[in-house]
Amino acid sequence: MQIGIPAKLAPVLFAQALSRLFLVYSAYSVIFAEVLLLLAGWHEGNAAVLWAGFLVGFPGFVLWWLMFSPLSPFSASLYLVFLGTCLVIVTWAVLATMSDVVSTKFLPFTLLGFALITTCGVAARVRDRLFWATLGYLIANVAIFVGAQLAGGVFEFDIRLLVGYLIVVLAVSFTPGLLRAQSKIQPSLDNSMDFISQDAEVVASAKDIAAHLHDTLLANLALISQTKPGMLQQDVRESIEAQLARLENSELTSTRQTTISQELSSDSRERLSPVSTALAEAERNGLVINLSGELASLENLTNDQISATAAALSQCLANVLAHSGQKNAEVVLLGIPSNVSITVIDGGVGFDVEAIPADRLGLKLSVKERIEQAGGTVRIWSNPNHGAAIMMQFPTEVNDEQ
């Protein structure tokens, strides 16, 4: 059971949300600056400032396009040039026609400058966002300086604009680290919910079995008390064995087997039982497995491929316990019409793929050779101290004779 966004999708979704958030801040900055300019022009009866205020609204159309279209360097450059030009005109109009404003420390200028900085929302990577934020900050200062020179006014360094730039830089730099920390916690939360769900099922089954066991013991004791001393008669023994068999086949089995039984038909369940057995054996050995995908996605594999997959998967999970220094692993099952993949991921000590140590012969023999002999491929990703991922993949064709 997963809580919230799956860990694998979180980085992409978070990056998209952060990009939209920066563009929303840019939109608000432009709107507030336009409102302040229109109010100032209306209050002073200044047509030049009023027209400058109306002009500021036009970059908003470009910004609207940015927010609801695929982000690109071209659209970001267009927005920077358009808004930077508007900032030059606004600075000139205000300083040249409003005697009360004697320097460039005017709030609408700061807001438009911040709108240029938050253009960094067009980028997806940290490095690119820092580039666009810095470029926006430089264009803002240059535009204000040029407008002040044209109007014969005084250019003063605006500390508020610098503070806004630093806040954006800190947000861009540190939020990915917070996301990585959260992604480490997410599997533990998911596993905790799995354990709670499993414990609830076990407790319910245990209560049912306890009641059944109570009745069974009473019945058997009463039956035994009425038999003659010595060996139990054949019919008495058969009755007791039948009741014990019913207990053995009761609901108090592993949660994974119960789930698999619900997902698969009896034939498929029997064919794929080696894979489910490999997973269950690893869990009995103390490995906590976070399983993504359904066992049914392996149905298109041939019997030989299923056998090879089960043996290779068992070896991969054993390697996680023996070498990774971790007690947790993710197993991802993915089946599409063209291929089936089984990926084992751990966050352990990792290793150099180009120089697999001698004690990892199981990885070469039990995993790589088995899968390749069954018609599949094996890909390995790992670096020291960065965990490991092993993907076993088979091309598939729906075959009636499996």
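Within the range 365-387, take every residue that is modelled with pLDDT of 85 or more and buried (at least 18 other Cβ atoms within 10 Å of the Cβ) and give me the one that is farthest from N290 (Cα to Cα). Talk me through it step by step, then tell me what you get.
Of the residues in the range 365-387, the ones modelled with pLDDT of 85 or more are 367-380.
Imposing the further condition that a residue be buried (at least 18 other Cβ atoms within 10 Å of the Cβ) reduces the set to 367-368, 370-371, 374, 376, 378.
Working: V367: 20, K368: 23, R370: 24, I371: 23, A374: 26, G376: 24, V378: 21 Å.
Applying the filter and picking the extreme gives A374.
For the range 279-290, a residue qualifies if it is open to solvent by 60 Å² or more (accessible area, probe 1.4 Å) and outside any helix (DSSP H, G or I), and exactly one does: N285.
For the range 80-125, residues that are more than 19 Å from G164 (Cα to Cα), modelled with pLDDT under 85 and touching a Ser or Thr at 6+ places or on another chain (Cβ under 9 Å) total 1. Yes or no: L301 within 23 Å of S366 (Cβ to Cβ), buried (at least 16 other Cβ atoms within 10 Å of the Cβ), of a type outside the set (K, R) and over 27 Å from the mean Cα position of the chain (by Cα)? Judged against the criteria, L301 is a match. The set of residues in the range 316-341 that are farther than 17 Å from G387 by Cβ and open to solvent by 50 Å² or more (accessible area, probe 1.4 Å) comprises L334, I336, P337, S338. If the condition is being touching a strand residue (DSSP E or B) at 6+ places or on another chain (Cβ under 9 Å) and either open to solvent by less than 40 Å² (accessible area, probe 1.4 Å) or at pLDDT below 85 (or both), then the range 342-360 contributes I342, T343, V344, D346, G347, G348, G350, F351, D352, V353, I356. Here A76 fulfils each of the conditions (1) touching a Phe, Trp or Tyr at 6+ places or on another chain (Cβ under 7 Å); (2) modelled with pLDDT of 90 or more; (3) not acidic (D, E) apart from (2).
Matching residues to (1) open to solvent by 10 Å² or more (accessible area, probe 1.4 Å); (2) without any contact (Cβ under 8 Å) to a residue 12 or more places away in the chain; (3) over 38 Å from the mean Cα position of the chain (by Cα):
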site: L78; (1), (2), (3): yes, no, no
site: L107; (1), (2), (3): yes, no, yes
site: L135; (1), (2), (3): yes, no, no
site: G147; (1), (2), (3): no, no, yes
site: L150; (1), (2), (3): yes, no, yes
site: V168; (1), (2), (3): no, no, no
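The values are calculated or read from the model by the stated rules, or taken from the named source; none is laboratory data. All values derive from a computational prediction rather than experimental measurement. Counting neighbours? That spans all protein chains shown, and the Cβs are built from the backbone with ideal geometry, glycine included. Heads up: the accessible areas ignore ligands, DNA and RNA and are worked out on the full protein's heavy atoms, side chains in. Shrake-Rupley method; radii C 1.70, N 1.55, O 1.52, S 1.80 Å.
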